[in-house]
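*Asks:* Before I ask anything, here is the structure I am working with.
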Amino acid sequence: MHSFSPHILISYWPLFLVTGTVLFNEYFIYFIKISFTCNWLSTIVHFSDSDRIHVFFIADTHILGVKNGHWFDKLRREWQMYRSYHSAVHLLSPDAVFFLGDLMDEGQWGDWSTFAKYADRFDSLFRSSLSKPEVHMLAGNHDLGFHYAISPFRVQWFEERFNRSIVDTVSIKGHHFVLITSMALHRDGCRLCHEAEVELENLAKDRFQPFRRPILLQHFPLFRLNDDDCLRDDDFDYEDPARNELYRPGWEALSEASTQFLIQKFEPRAVFNGHTHRGCKKRWVQPVEFWEYTVNSFSWRNGDRPTFLLATISEHDVGFYFSITFGYYSWTTLN
């Protein structure tokens, strides 16, 4: 048997250094970062309700496609999201995960086989054979197209592939979530908008049992002119040059009419969305009080602040705690 020679270490130290550096930066760093900077709000603020649940909210993964995605960029971004997501799920064990639209970058183009290929790739990154957490997706404009470009066939593909209607509900331990396709909220009388409006009207009339104000999930933010109304906290990126750009109703945010329709019909406890690729916390006081949170993109390709949001939901409170990969963190309680 040959004894270990220090000459081997001396001779191959560059290889050991490179291997160790790659392993640390591409694998272990995710566990270290999440372990030290992420936690459920229930471990900081007292949430004693037996029906408490823990939820991840993730937006704008933008799985790259065949048209605009370079293979190395695709490999790099998908690995970052895959490793971040599965490390977080392993360490934090959420009850459910909601993806808030734009699962794909080019889902609005191509035929069924191309769409199915993108959907399979999304599943390979974020699905699991385990029963927990339960994973729910809703559509964004990059999955179906904007309002005037949506094909009925593409809507059907998304419904069949992800088991998600244009308006849907999910209930977990008595907490009710309403999942809404934002592009169907133009309220212009089109077939898609009419179907969505009828379904929303019926949901609002039926109420939820046991009754609790629902949490609205959608891709577009509620109506706002720009991000001037956002809370100036650690999640507010003062260096973003596009912060003051005006939002076009129906494109960057819902119209004012659609927003008031949702608020008046459902009186939500909270609203979570994505789409803008920047975080925003906004307090609404009229006609009911609630917090809206716009989740930053989970993909580093859309900025250097990739984010996922941790929410603790109980009968009396909705609290969230966001994590920015390789960034900072903070928490807020939503009453």
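The values are calculated or read from the model by the stated rules, or taken from the named source; none is laboratory data. These figures come from a predicted structure and were not determined experimentally. Cβ atoms come from the backbone with ideal geometry, glycine included; neighbour counts cover every protein chain shown.
*Asks:* So, of the residues in the stretch 65-85 that are part of a helix (DSSP H, G or I), hydrophobic (A, V, I, L, M, F, W, C) and in contact (Cβ under 8 Å) with a residue 24 or more places away in the chain, which turns out to be surrounded by the most Cβ atoms within 10 Å (Cβ to Cβ)?
*Replies:* Checked the stretch 65-85; the qualifying residue surrounded by the most Cβ atoms within 10 Å (Cβ to Cβ) is Met81.
*Asks:* Test Arg154 against the stated conditions and say whether it is assigned to a loop (DSSP other than H, G, I, E, B), more than 22 Å from Arg52 (Cα to Cα) and of a type in the set (D, E, K, R).
*Replies:* Criteria not met by Arg154.
*Asks:* Mind telling me which of the residues Thr169, Thr181 ends up being in contact with a His (Cβ under 9 Å, 6 or more places away or on another chain), surrounded by fewer than 17 Cβ atoms within 10 Å (Cβ to Cβ) and of a type in the set (Val, Ile, Thr)?
*Replies:* Thr169
*Asks:* Examine the stretch 229-249 for a residue that is touching a helix residue (DSSP H, G or I) at 6+ places or on another chain (Cβ under 8 Å), loosely packed, with under 15 Cβ neighbours inside 10 Å and in contact (Cβ under 8 Å) with a residue 24 or more places away in the chain, and state whether such a residue exists.
*Replies:* Looking through the stretch 229-249, none of the residues is touching a helix residue (DSSP H, G or I) at 6+ places or on another chain (Cβ under 8 Å), loosely packed, with under 15 Cβ neighbours inside 10 Å and in contact (Cβ under 8 Å) with a residue 24 or more places away in the chain.
*Asks:* Out of all the residues in the stretch 271-312, which are hydroxyl-bearing (Ser, Thr, Tyr) and farther than 21 Å from Pro241 by Cβ?
*Replies:* If the condition is that a residue be hydroxyl-bearing (Ser, Thr, Tyr) and farther than 21 Å from Pro241 by Cβ, then Tyr293, Thr312 are the ones that fit.
*Asks:* Right, next: Being modelled with pLDDT of 95 or more and assigned to a loop (DSSP other than H, G, I, E, B) is the requirement here; does Gly110 meet it?
*Replies:* no
*Asks:* Cβ-Cβ distance below 6 Å, separation of 6 or more or different chains: which pairs start in the stretch 273-294 with a residue that is closer than 18 Å to Pro214 by Cβ and end on one that is in a strand (DSSP E or B) and small (Gly, Ala, Ser)?
*Replies:* Note: pairs meeting the criteria are Phe290/Ala270; Trp291/Ala270.
*Asks:* Also, I was wondering about something else. Looking at (1) in contact with a helix residue (DSSP H, G or I) (Cβ under 8 Å, 6 or more places away or on another chain); (2) at negative phi, find the lone condition where Gly101 falls short.
*Replies:* The single condition Gly101 does not satisfy is (2).
One line per residue, one yes/no per condition, for (1) of a type outside the set (Lys, Arg); (2) more than 24 Å from Phe99 (Cβ to Cβ):
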site: Arg213; (1), (2): no, no
site: Asp227; (1), (2): yes, no
site: Arg232; (1), (2): no, yes
site: Pro241; (1), (2): yes, yes
site: Phe266; (1), (2): yes, no
site: Gln286; (1), (2): yes, yes
site: Arg305; (1), (2): no, no
site: Ile313; (1), (2): yes, no
